[in-house]
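Okay, so here's the structure we're looking at.
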Amino acid sequence: MQQIFIFIIKNSTRLLFLLLLVISLSLTIQSHSYHRSKVINSANFVTGGVYERINSVNEYLNLKTENEGLANENARLKSLLYNRKDTTKIIDKELLSSFGNYKVIQSKIINNSYNVHENFLTINAGTVKGVKPDMGVVNSKGIIGIVENTSADYATVISILNVKSQINAKIKKTSHFGTLTWNGKNTGYVQLIDVPRLASVKKGDTIVTGAQSIIFPENVNIGTIQKIYTDDKTNYFTIDVKLFNDMTSLGHVYIIENKDRKQILELENQNLNE
């Protein structure tokens, strides 16, 4: 202990300089959005490389599960192909990756948090592949989250298991919609709030993405209704939704870009400013 005090006294000037340097850098980053974004992107680059190496080991250990999932999705795609009127016509690869208003980018999750209130994922695709903030992330079972920050080769995603996440969703059978949130309690369930009480809902009904979303296509799967109760404050339904996805075990994902999103936002902002 005495040696520690002696070391601190001898190097007090240097230690004070380092402390002040750290404080000044923190204040600069917090008060300037440009510096903050650069730090976040640099952190994504460094942590992304580490996560990818760790994920390589985990992926090898879970090859059987991953292969089963890919085989199931391949079967679903083949079913769509075989049910086309002209099955001999080859579907262009570019058409598959950029169909209609939505562009699809393939990626995989290399880090996934699910045990805190604000959970994030890291994927191994970034700006080089065209990934941008506010793109939707899904897999074959349903939605995963929304891209927040990107670097050249990686991106972080706000998980649907994040108390700040808000996504437009609806009851598939009736089209009554609400906001999909998470109360931070159970990794297998999210909540659909602000559903009108006139909506006809029952346990087992399917919840999908709504038409008002400009991030996700309409009717992407989310889960099924598990419990329905009335919010005393708003007098609307709050619904517990059992997720189709096991958010604690995720692999390959698809990043979705709505090519009309920018145009829609510009038009809506124009109306607000009038």
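The values are calculated or read from the model by the stated rules, or taken from the named source; none is laboratory data. Everything numeric here is computed off the predicted structure, so don't read it as measured data. Cβ placement follows ideal geometry from the backbone for every residue including glycine, while neighbour counts extend to all protein chains displayed. Remember, those area values only see protein heavy atoms, side chains included, never the ligands or the DNA or RNA. Shrake-Rupley method; radii C 1.70, N 1.55, O 1.52, S 1.80 Å.
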Point to revise | Given (1) under 24 Å from residue 119 (Cβ atoms); (2) buried (at least 19 other Cβ atoms within 10 Å of the Cβ), number of the condition residue 171 does not satisfy | key: (1)
Exercise for review: Output yes when any residue across segment 239-254 is among the acidic types (Asp, Glu), open to solvent by less than 50 Å² (accessible area, probe 1.4 Å) and more than 14 Å from residue 173 (Cβ to Cβ), and no when none is.
Suggested key: yes
Check your understanding: Scanning for something assigned to a loop (DSSP other than H, G, I, E, B), aliphatic (A, V, I, L, M) and touching a helix residue (DSSP H, G or I) at 6+ places or on another chain (Cβ under 8 Å), does segment 117-134 turn up at least one residue?
Key -> no
Review point. Across segment 161-187, what is the number of residues that are in contact with a Lys or Arg (Cβ under 7 Å, 6 or more places away or on another chain) and not in a strand (DSSP E or B)?
Key: 1
Practice item. Starting from segment 167-184, keep only residues that are over 14 Å from residue 242 (Cα atoms), then list their pairs with residues that are surrounded by fewer than 22 Cβ atoms within 10 Å (Cβ to Cβ) and charged (D, E, K, R) whose Cβ atoms are within a distance under 6 Å, requiring at least 6 positions of separation or different chains. Key: 173/205; 178/194; 179/194
Exercise for review: For residues that are open to solvent by less than 20 Å² (accessible area, probe 1.4 Å) and more than 21 Å from residue 133 (Cβ to Cβ), tally how many sit in segment 174-183.
Suggested key: 1
Check your understanding: Does residue 234 satisfy the criteria of being open to solvent by less than 70 Å² (accessible area, probe 1.4 Å), farther than 30 Å from residue 128 by Cβ, part of a loop (DSSP other than H, G, I, E, B) and modelled with pLDDT under 90?
Key -> yes
Check your understanding: Of the residues in segment 135-160, how many are touching a Phe, Trp or Tyr at 6+ places or on another chain (Cβ under 8 Å), among the aliphatic types (A, V, I, L, M) and not in a loop (DSSP other than H, G, I, E, B)?
Key -> 6
Check your understanding: Pairs, please: C-beta under 9 Å, at least 6 apart or cross-chain, first residue more than 15 Å from residue 184 (Cα to Cα) and touching a residue at least 12 places away in the same chain (Cβ under 8 Å) and in segment 238-249, second in a loop (DSSP other than H, G, I, E, B) and basic (Lys, Arg)?
Key -> 244/141; 245/141; 246/141
Practice item. Only residues that are part of a loop (DSSP other than H, G, I, E, B) and more than 16 Å from the chain's Cα centre (by Cα): list them for segment 188-198, please. Key: 196, 197, 198
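Tell me yes or no: at least one residue of segment 222-233 is among the acidic types (Asp, Glu) and touching a residue at least 60 places away in the same chain (Cβ under 8 Å). Break it down into steps so the answer makes sense when it comes.
Taking segment 222-233 and keeping what is among the acidic types (Asp, Glu), we get 231-232.
If we keep only those that are touching a residue at least 60 places away in the same chain (Cβ under 8 Å) as well, we get none.
Within segment 222-233 (the criterion being among the acidic types (Asp, Glu) and touching a residue at least 60 places away in the same chain (Cβ under 8 Å)), the answer is no, since none of the residues qualifies.
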Practice item. Check segment 93-104 and report whether any residue there is under 16 Å from the mean Cα position of the chain (by Cα), among the aliphatic types (A, V, I, L, M) and open to solvent by less than 40 Å² (accessible area, probe 1.4 Å). Key: no
Revision key, fill the gap. Taking segment 199-221 and keeping residues assigned to a loop (DSSP other than H, G, I, E, B) and farther than 12 Å from residue 136 by Cβ leaves 199, 200, 201, 202, 203, 204, 205, 210, 211, 212, 219
Point to revise | Residue in segment 120-162 that is modelled with the highest pLDDT, counting only those that are within 14 Å of residue 188 (Cα to Cα) and either of a type in the set (Gly, Ala, Ser) or surrounded by fewer than 23 Cβ atoms within 10 Å (Cβ to Cβ) (or both) | key: 159
Study note, to complete from the structure: From the option list 222, 193, 214, 207, single residue qualifying as open to solvent by less than 60 Å² (accessible area, probe 1.4 Å) and in contact with a helix residue (DSSP H, G or I) (Cβ under 7 Å, 6 or more places away or on another chain) is 214
